[in-house]
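Here's the structure, in structure tokens; my notes come after.
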Amino acid sequence: VARELAFKGREFAAALGLGLAAAALGEGAAGRAADLGAHGADTIYVSEDAALAGLQADVVADALAQIAAQTAAAYVLIGSTRRGKELAGRLAQKLGAGAVSDVNSLVLTDGQLVGGRYALGGNTVAEERIDTAVKVFAVMPKTFEVGEPQAGAGAVETPALSLTPSKVSVVDRRAKE
């Protein structure tokens, strides 16, 4: 999903006159940075902070909120996965932003992004516009095509983050039966 969002985000950023940044967080994040750059990100913020171990939603939301604030982000695109839906709401709350989840179309209308999502049990598509300064969209996987990666990657930066470990602890993990 990150590749899709980076690739399509490049098109939106160009049309809006903005840059495109991506975040790679958690263990092995540095290894994923070049891939995000090759798919369109100008800058990739990488953090392998110990507090990000396990990628708990509260810590990831805090990290993304700090990155968004440092970069004065106007739009934040997140994959609308099970984890991404939770993350979008938490992030929007931290940023004082509006959020739309389960977006299955995202278009540029009158100089801003408008998200489309199914409404009324899937019988219609509602177009939702966010009126806050920062806008968070959780976009469904496979909404956009992923193009071929381009040679050369974006600039990798390590943001100054102040993270505290999650209060949630994983007690047990079991495979689905």
query = Across the range 139-165, which residue is nearest to residue 8 (Cα to Cα) among those that are outside any loop (DSSP other than H, G, I, E, B) and touching a helix residue (DSSP H, G or I) at 6+ places or on another chain (Cβ under 9 Å)?
reply = 139
note = Of the candidates 107, 114, 168, 136, the one satisfying the condition of being of a type in the set (Val, Ile, Thr), open to solvent by 30 Å² or more (accessible area, probe 1.4 Å) and either at pLDDT 95 or above or not in a loop (DSSP other than H, G, I, E, B) (or both) is 107
message = Anything in the range 66-83 that is open to solvent by less than 40 Å² (accessible area, probe 1.4 Å) and farther than 20 Å from residue 49 by Cα? List them, or say none.
response = 73, 74, 76, 78, 79, 80
request  = Tell me, yes or no, whether the range 45-52 has at least one residue that is modelled with pLDDT under 95 and open to solvent by less than 20 Å² (accessible area, probe 1.4 Å).
outcome  = yes
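Here is a yes/no grid of residues against (1) exposed (fewer than 12 other Cβ atoms within 10 Å of the Cβ); (2) closer than 29 Å to residue 105 by Cβ; (3) in contact with a strand residue (DSSP E or B) (Cβ under 8 Å, 6 or more places away or on another chain); (4) modelled with pLDDT of 90 or more:
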| residue | (1), (2), (3), (4) |
| --- | --- |
| 141 | no, yes, yes, yes |
| 146 | no, yes, no, yes |
| 150 | no, yes, no, no |
| 154 | no, yes, yes, no |
| 162 | yes, no, no, yes |
| 176 | yes, no, no, yes |
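The values are calculated or read from the model by the stated rules, or taken from the named source; none is laboratory data. Predicted model only: the values in this text are computed from it and were never measured. All Cβ positions, glycine included, derive from the backbone under ideal geometry; neighbour counts span all protein chains shown. Surface areas here come from the heavy atoms of the whole protein model, side chains and all, with no ligands, DNA or RNA. Shrake-Rupley method; radii C 1.70, N 1.55, O 1.52, S 1.80 Å.
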